[in-house]
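*Asks:* Supplied in structure tokens, the structure appears directly below.
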Amino acid sequence: EGVTYDANSKYASNQKSTMMIPIDKPNFYKFDTLDKLEYGSYHCKITVPDDNTKFHKSYFYFKSTNWYSGIDLTTARYLNLNIELIHDLNYNAMIYPKSSLIKANALFADYINYFYDLKKKGVALAKSFLSVISGALSQKKNIYKTVNKKNPYVIGESEKINNIQTDE
């Protein structure tokens with residue numbers, strides 16, 4: 001018997017995996033080198049060397065924020081890309097200690113198994129419930145502020161305005 005994959009439940013199967021998920025805040029560090037990559041994000045500039053003529057832009061996703069995961073950096077190394085740590089902040093790495101990581105299957109396996117069984121039985125809403133977790137985990141945190149002359153708001157360096165609404 002061969003192995004089969006249900007592409008429609010790909011995210012659900014990832015959530016049943018041993019993939020690690022942070023459940024607490026990271027520790028902040030300022031590294032000089034990238035000798036050992038740990039679970040977290042690193043502030044780096046990644047570029048394609050001039051002599052890397054076989055590289056295609058579809059091989060790697062360059063992020064405008066220059067924050068990359070350890071997996072991103074491992075991929076960049078495999079592709080022989082230049083990686084340079086950025087030193088413009090008080091830190092250039094956000095690392096999650098092992099004590100603040102949990103395996104995805106410990107959080108989601110029972111939920112995924114329950115709704116996947118319902119999906120196999122043809123229950124219409126089961127597929128939607130399987131997608132809920134990945135949507136919630138990947139959604140951005142939006143902060144809404146009411147601003148006026150008496151209640152000004154100073155925009156932080158790492159913040160950006162997505163929308164402005166007036167009361168008029």
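Every number in this text was worked out from the coordinates using simple rules, so none of it is lab data. Worth saying up front: this structure is predicted, and the values here are computed from it rather than measured.
*Asks:* Once amide H atoms are built 1.01 Å from N in the peptide plane, which residues 5 or more positions from N27, or in another chain, come under 5 Å H to H?
*Replies:* I95, Y96
*Asks:* To continue, here is another question. List the residues, sorted by chain then number, that are 5 or more residues from I102 or on another chain and whose placed amide H is less than 5 Å from its amide H.
*Replies:* I21, I23
*Asks:* Let me ask another. Mind checking the full-extension length gain between K98 and K145? Use 0.36 nm per residue of separation minus the Cα-Cα distance, one decimal, nm.
*Replies:* Using 0.36 nm per residue and subtracting the Cα-Cα distance, I get 13.4 nm.
*Asks:* Additional query: By the gyration tensor of its Cα atoms, with a ≥ b ≥ c the square roots of the eigenvalues, what is the shape of the range 84-147: rounded for a/c under 1.5, prolate for a/b over b/c, or oblate?
*Replies:* Judged from the Cα gyration tensor, the range 84-147 comes out oblate (a/c at least 1.5, b/c at or above a/b).
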